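Notes follow once the structure below has been shown.
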Amino acid sequence: MRKPTDTYFLLCIEGGGYPVALEARKVYRAIVDADAESHGLVRVVDESDEDYLFPKSLFVPIKVFRRRPRRFSLTRCEAPSVHDGAVRR
């Protein structure tokens, strides 16, 4: 079983030709994997709680405040949508 400190969060900045698997502007949980990172990859967890390797260049790391990571990881995280200048959540 992985420790909570073995995970972190990434923002997908580009789908990278994986339209079914990745959504741009979506936050994903990632698992620390030194071997994958040495090859320029990151291990990303999807909604079904399965993890897959993707190129690191498709993501940027984000910081989640310490008191919220558990709650943050249990919800589906989506970027707010913009319509006519108004932001909806």
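The values are calculated or read from the model by the stated rules, or taken from the named source; none is laboratory data. In this text the structure is predicted, and so the values were computed from the model without any measurement. Every residue, glycine among them, receives a Cβ derived from its backbone with ideal geometry; neighbour counts consider all protein chains shown.
Worth pointing out:
- Any hit, the range 28-43, residues being in a loop (DSSP other than H, G, I, E, B), modelled with pLDDT under 95 and under 14 Å from the mean Cα position of the chain (by Cα): no
- Scanning the range 5-26 for residues that are surrounded by 17 or more Cβ atoms within 10 Å (Cβ to Cβ), touching a helix residue (DSSP H, G or I) at 6+ places or on another chain (Cβ under 8 Å) and of a type in the set (A, V, I, L, M) yields one hit, L22.
- In the range 45-68, residue surrounded by the most Cβ atoms within 10 Å (Cβ to Cβ) [restricted to those that are modelled with pLDDT of 95 or more and closer than 11 Å to F9 by Cα]: F59
- Pairs meeting the criteria (first residue in the range 19-41 and closer than 13 Å to F54 by Cα and free of Cβ contacts under 8 Å to residues at least 60 places away in the same chain, second residue of a type in the set (V, I, T) and surrounded by 13 or more Cβ atoms within 10 Å (Cβ to Cβ), beta carbons under 6 Å, at least 6 apart or on different chains) are Y28/V44; R29/T7; R29/V45; A30/V42; A30/V44; I31/T7.
- Residue check for V20: of a type in the set (A, V, I, L, M, F, W, C) and either modelled with pLDDT under 80 or assigned to a strand (DSSP E or B) (or both): no
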